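Below you'll find the structure, written out as structure tokens, and then a few comments.
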Amino acid sequence: MGCGWGELLLRVLTSAPQARGRGVDSASASIDRARQQALTRGLLNRATFDAMPGAETQARPADAVICIGASQIWGPPVEDAQPLDYGAALRALRALVLTGGRLVYGEAVWSATPHPAAAAPLAGRDDEYLSTDALREQIRGAGFEVVDDAQASVQEWDVFEAGYRDRFTRWLEAHDAHHPAAGQVRRRYEEQRVAYPPARPGELHVAIRELRGGFLRDGVLACIHEQRCFVPAWVVNSRSPSCRVR
Ligand SMILES: C[S@@+](CC[C@H](N)C(=O)[O-])C[C@H]1O[C@@H](n2cnc3c(N)ncnc32)[C@H](O)[C@@H]1O
């Protein structure tokens, strides 16, 4: 849900040849790219991608669901600068996971009360994100059990942000300074740079949690590193016993 380019889903399908997957995202350009990548990797017979609002997908429960950084699907629009509605997201996700199935859920958490300068480029409020403990309560309240969890490190944060900005610098290197789009690319680079205050990176984390819905049977799970996404080492290396593809 909110699959973006579908990179993680495609890697899951590569690792689990018996699995079929569906990616949903409201950004049609991302979905186009996801389909193109599925074609390139020979996965189009097992992967479908739909460009549509996530809240409008019909509840067809699956063995495993991935939702990383996309809880806003079930809450107020990001532009409203309201607190993120984790509860609504987790309840909706619970309806999409078979009992005993798995959810890989990644979302932002505050690890400390944010400095106003850290919150300003986001919604500008302390309560936009929950603390880890409050998130755990919401997880249990929605009917999930935490099987494993991890938090992105400051280094992972830095690498992600550097990679994000890098696409702008690469574009600027490759194009003439007087290119009609150069001013806009420079502005986007600058906005991104200012929005990530390196002096306070410890406050905002993205936590990835592997959750089990209900208790009846094991589901299928594959967790693979998604480039440009804060997926921590236990996912990348699949060292965690609960993270094996079965
Ligand atoms: C922070 S990105 C995360 C993308 C991807 N899950 C990842 O980890 O790289 C949030 C994604 O949610 C998608 N999204 C936002 N609102 C949505 C909605 N209402 N329905 C479906 N997708 C939505 C965005 O287009 C974007 O791809």
**OP:** Of the numbered conditions (1) out of contact with any Lys or Arg (no Cβ under 9 Å at 6 or more places or on another chain); (2) under 16 Å from Gly143 (Cβ atoms); (3) within 13 Å of the ligand (Cβ to nearest atom), Asp85 fails exactly one; give the number of that condition.
**Re:** (2)
Subject >> Pairs with Cβ under 6 Å, 6+ apart, first in the stretch 62-80 and closer than 17 Å to Asp149 by Cα and within 8 Å of the ligand (Cβ to nearest atom), second of a type outside the set (Val, Ile, Thr) and not in a loop (DSSP other than H, G, I, E, B) >> reply: Ile66/Leu8; Cys67/Leu93; Cys67/Tyr105; Ile68/Gly106; Gly69/Gly106
Original post:
Any idea which of (1) out of contact with any helix residue (DSSP H, G or I) (no Cβ under 9 Å at 6 or more places or on another chain); (2) part of a helix (DSSP H, G or I) is the one Thr169 doesn't satisfy?
Top reply: (1)
Original post:
From the residues in the stretch 34-44 that are free of Cβ contacts under 8 Å to residues at least 12 places away in the same chain and under 12 Å from Thr14 (Cβ atoms), which one is nearest to the ligand (Cβ to nearest atom)?
Top reply: Thr40
**OP:** Could you check how many residues of the stretch 97-139 are in a strand (DSSP E or B), out of contact with any Gly (no Cβ under 7 Å at 6 or more places or on another chain) and of a type outside the set (A, V, I, L, M)?
**Re:** 3
Original post:
Among (1) buried (at least 17 other Cβ atoms within 10 Å of the Cβ); (2) closer than 29 Å to Gln138 by Cα; (3) within 12 Å of the ligand (Cβ to nearest atom), where does Ile31 come up short?
Top reply: (2)
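Residue-wise test of (1) without any contact (Cβ under 8 Å) to a residue 60 or more places away in the chain; (2) in contact with a strand residue (DSSP E or B) (Cβ under 8 Å, 6 or more places away or on another chain).
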residue	(1), (2)
Asp50	yes, yes
Gly54	yes, yes
Gln58	yes, no
Ala89	yes, yes
Ala95	yes, no
Leu98	no, yes
His115	no, no
Arg136	yes, yes
Gly143	no, yes
Original post:
Can you tell me which residues in the stretch 115-159 are polar (S, T, N, Q) and within 30 Å of Ala95 (Cα to Cα)?
Top reply: Ser131, Thr132, Gln138, Gln151
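FYI, it's all coordinate maths here, none of it is from the lab. These figures come from a predicted structure and were not determined experimentally. Reconstructed Cβ throughout: ideal geometry from the backbone, glycine too, with neighbour counts over all protein chains shown.
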